[in-house]
Structures are given as structure tokens and as C-alpha cells.
Amino acid sequence: MTSEEVGFSISQYADGSLPAEQVHALEQLLATDENAQKLLAEYRQLDRALAAHLPPLPEVNWSQFQQSISQAVADAAASLASGQSVLRLRWQARLAVAAAALLAIGLISIIVTQSVELAPISQITGPKAEAPSGQVIAEVEIGPSPRLAESGQSWEYAESAITRPTRVAIAAGVAPVDRNPY
Amino acid sequence: MADEPPDFRSQTGSDGVSDGWLVSQTLTGDRRAFDWLIGRYQKRAVAVSYRLLNNSHDALEVTQEAFLKAFSSLDSLQQPEAFGGWLMRIVSNLSLNFRRARKTRVQLPLDDFLGSGEQEPESSGGSEWAARSDNPVRTLEGRELGGKLQAALAQLSEKQRLALVMFAVEKMPQKEVAETLECSVEAVKWYVFQGRKKLKEILKDFLVD
């Protein structure tokens with residue numbers, strides 16, 4: 001054993017906590033080793049000094065002190081209970097506010113929906129334009145005339161769009177010329 | 001505390017009332033069970049705090065605070081049977097925090113609980129015992145050694161000091177010291193050994209036969 005291990009064993013031996021299986025070996029060492037004996041004596045002397053010379057515990061009226069703690073605990077328990085009830089109230093209040101807000105939003109949305117007439121929506125679908133057979137050399141888009149566009153009566157244009165294509169792609173089988181033919 | 005202390009022994013039908021049972025009763029709302037725990041541990045709590053603070057007023061204040069803290073967080077105690085160690089851990093932590101912040105603390109009116117020898121004004125943070133001279137048996141050498149012991153204890157690490165104070169001075173069971181320090185019993189033995197070794201070195205000129 002190292003000196004540190006011997007010291008640790010002696011420290012435990014001094015306070016009676018050395019495991020039983022180690023006691024015999026240590027006592028054999030103590031019987032022959034003066035340094036071990038000296039260390040044990042020093043530890044015991046230290047314990048005696050701690051017991052004898054440390055300041056004594058304060059003189060306390062334990063019954064009164066216990067009552068004081070008990071009262072403080074009772075106050076804390078009451079405070080805790082009221083705090084929890086306040087928290088519960090707050091939680092319920094929050095829930096009530098949230099429910100009221102949802103109800104108000106629902107009512108408002110119903111009123112708004114019923115009071116506003118939405119414009120009819122028409123979706124017109126038709127055949128897809130055929131892909132040009134050759135390279136596109138020009139594209140012509142057909143739209144309302146400037147006068148019609150300004151009139152705002154786009155329904156006339158919409159009617160025409162049903163029967164006429166609004167976009168024509170002109171394709172040719174020959175290579176395009178640089179100059180725009182139109 | 002108007003109610004008479006309940007006869008918990010008759011309820012358990014055993015020789016003693018376990019801490020675990022008292023904790024469980026407290027958690028069900030029976031505060032008398034916690035009063036029982038206060039009665040069981042208040043002296044030890046004050047002793048441990050006093051050994052760390054060297055001031056009886058501070059020790060009483062910390063002890064009361066520790067019980068309040070224990071009560072408010074009792075439901076977080078994983079092992080109700082280990083209430084004693086858990087409480088001492090609260091006491092030691094609060095004491096160490098208190099000592100660090102002591103210079104800014106205000107003295108609380110706790111004189112009513114102290115005996116006549118404790119009621120003289122104290123300088124905050126100092127050793128009241130060193131100023132006391134009401135014990136004629138105590139010699140000058142003895143008081144000097146007591147002061148040296150306290151100073152030497154203050155030089156130990158917190159775990160060494162706590163282990164030595166709780167085990168070697170206050171005679172707490174090693175298991176409870178281990179619960180307080182949140183370590184193994186072997187580690188407690190090691191801290192005690194290291195504390196003794198260091199104290200012996202510091203006090204080598206004073207510990208003579």
C-alpha cells in the first residue's frame with residue numbers, strides 16, 4: 001500500500017468505518033509501524049480537538065423555533081394556494097377571452113359574407129392552340145380595340161374570345177429572313 | 001400550529017415514522033407531517049449551518065429558509081426516504097450562498113429563539129464564539145485553538161469541510177452525508193480523510209500532546 005492508501009485506511013479506522021475485511025491487516029500494520037501509529041494518534045487527537053474546541057452550538061428554544069418555521073411554512077402554503085388559484089383564474093380568463101375573440105371573428109365573417117355580393121366568376125376553357133408545324137417567324141395577338149378597352153365593356157371582347165383565337169402564331173417551313181416581313 | 005401533533009406511530013404501526021411516509025403525508029396536504037419533519041431535523045440543520053457560518057442568527061435564518069424551500073419543492077424530491085440528506089443539501093447550499101452574500105444581508109429579528117448567551121450583538125460575518133467568555137473552563141489556549149480550528153476548516157474545500165463537519169463533528173451517518181453531498185459513501189470517507197490530512201498540516205504547530 002502507498003502512504004496515501006495507508007493514511008486513508010487509518011482515517012477510516014479512526015472513525016470506525018474501515019471495512020471489516022481490511023481491519024485485521026491494518027491492525028497488523030499498526031502493531032509494527034510507528035508512523036502508522038503516529039498518524040492514527042494524530043487523527044484521533046484532531047477529532048478530539050474538533051469536538052472539544054469548536055464553538056458549541058447556539059442555545060436555541062427549539063420548540064419556539066419549530067413553531068416559527070411551521071408558521072412560516074403555513075404562510076407559504078397559503079400564499080402558494082392563493083397563487084395557484086390566481087393562476088387558475090388567469091388561465092380561465094385567458095380561455096374566456098380567446099373563446100370570445102373566436103366567437104366575434106366568426107360573427108363578423110358571417111355578417112361580412114352575407115352583406116357583400118361577390119362578382120360571378122366565369123372560367124372559360126377551350127381547345128389548346130395547335131403547336132406550329134414550323135419555326136415561328138411572327139406572332140400576332142388579337143385583343144380589344146383601344147376604344148373597347150377604354151370603354152370597360154370587356155364582356156364584348158370576352159364573347160369574341162370564345163369564338164376566335166386571341167393569339168396566332170405564323171410559322172414557315174423556310175428559314176426566317178432577318179427582315180420582318182410585316 | 002394550533003393542532004396537536006398527530007400520533008403518526010400509531011398510523012404506521014412501527015417503531016418509528018419514516019421520512020418517506022411523512023413526506024408522502026405532507027404531499028397529500030397534511031402539514032402536520034411536515035411539522036414532524038421540522039422537529040426531527042431542525043437541530044441538525046442549525047448545527048450544519050452554524051458550523052458553516054459561525055453565526056447563530058444566520059444559521060437560524062438559513063434553517064428557516066431551508067425548510068421553506070424544502071416544503072415548496074417537496075414534490076420534486078425523487079426519494080422521499082432521503083429527505084434528511086436532501087434537506088441538509090439545501091441547508092449547506094443556502095449556508096454557502098449566505099456566506100458569500102453575507103456582507104449585504106440585513107439582520108433578521110431572531111433573538112427570541114436564542115438563549116441568553118446568544119443575544120449580544122454580533123458583527124456580521126464574524127465568529128460570535130470567539131467573543132464569548134462565559135465558560136470559565138475554556139482556557140485561553142482552548143479558545144485560541146478553537147479559532148485556529150475554524151480558520152483551518154475555512155481553508156478546506158467545500159466538500160472536505162462539509163464532510164468533516166457533518167460526519168466528524170456533528171456525527172451524521174455517512175449515508176446521509178453522502179446524500180447531502182450527492183456522492184458515494186466512499187467519497188465521503190475520502191473527503192473526510194483529505195480534510196483531516198489538510199487540517200493536520202495546517203494545525204501541526206497547535207496539535208501537541
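The values are calculated or read from the model by the stated rules, or taken from the named source; none is laboratory data. For clarity, every value in this text was computed on a predicted model and none was experimentally measured. Neighbour counts are summed over all protein chains in view; Cβ atoms, including those assigned to glycine, are modelled from backbone coordinates with ideal geometry.
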Exercise. Among all residue pairs at least 6 apart or on different chains, which show Cβ distances below 7 Å where the first residue, located in segment B:33-62, is free of Cβ contacts under 8 Å to residues at least 24 places away in the same chain and the second is assigned to a helix (DSSP H, G or I) and buried (at least 24 other Cβ atoms within 10 Å of the Cβ)?
Worked result: B:Val46/B:Ala59; B:Val46/B:Leu60; B:Val46/B:Thr63; B:Tyr50/B:Ser56; B:Tyr50/B:Ala59
Seminar exercise, completed: The residue that is surrounded by the most Cβ atoms within 10 Å (Cβ to Cβ), considering only those in segment B:157-186 that are over 23 Å from A:Pro56 (Cα atoms), of a type outside the set (D, E, K, R) and away from every other protein chain (no Cβ under 12 Å), is B:Leu181
Exercise. Given the conditions (1) facing chain B (nearest Cβ under 7 Å); (2) of a type outside the set (Phe, Trp, Tyr); (3) within 21 Å of B:Glu186 (Cβ to Cβ), and given that A:Ser70 satisfies all but one, which numbered condition is not satisfied?
Worked result: (3)
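Quick check: is even one residue across segment A:23-44 under 55 Å from the mean Cα position of the chain (by Cα), assigned to a helix (DSSP H, G or I) and either in contact (Cβ under 8 Å) with a residue 24 or more places away in the chain or within 11 Å of chain B (Cβ to nearest Cβ) (or both)?
Checking segment A:23-44: not a single residue is under 55 Å from the mean Cα position of the chain (by Cα), assigned to a helix (DSSP H, G or I) and either in contact (Cβ under 8 Å) with a residue 24 or more places away in the chain or within 11 Å of chain B (Cβ to nearest Cβ) (or both).
Scan B:Glu170, B:Glu144 and give me the residue that is farther than 14 Å from A:Arg48 by Cα, at pLDDT 70 or above and acidic (Asp, Glu).
From the options B:Glu170, B:Glu144, the qualifying one is B:Glu144.
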Exercise. For segment B:64-84, which residues satisfy the criterion of being among the aliphatic types (A, V, I, L, M) and away from chain A (no Cβ under 11 Å)?
Worked result: B:Leu77, B:Ala82
For this session: Take A:Gln64 and decide whether it is surrounded by fewer than 17 Cβ atoms within 10 Å (Cβ to Cβ) and either within 7 Å of chain B (Cβ to nearest Cβ) or in contact (Cβ under 8 Å) with a residue 24 or more places away in the chain (or both).
Result: yes
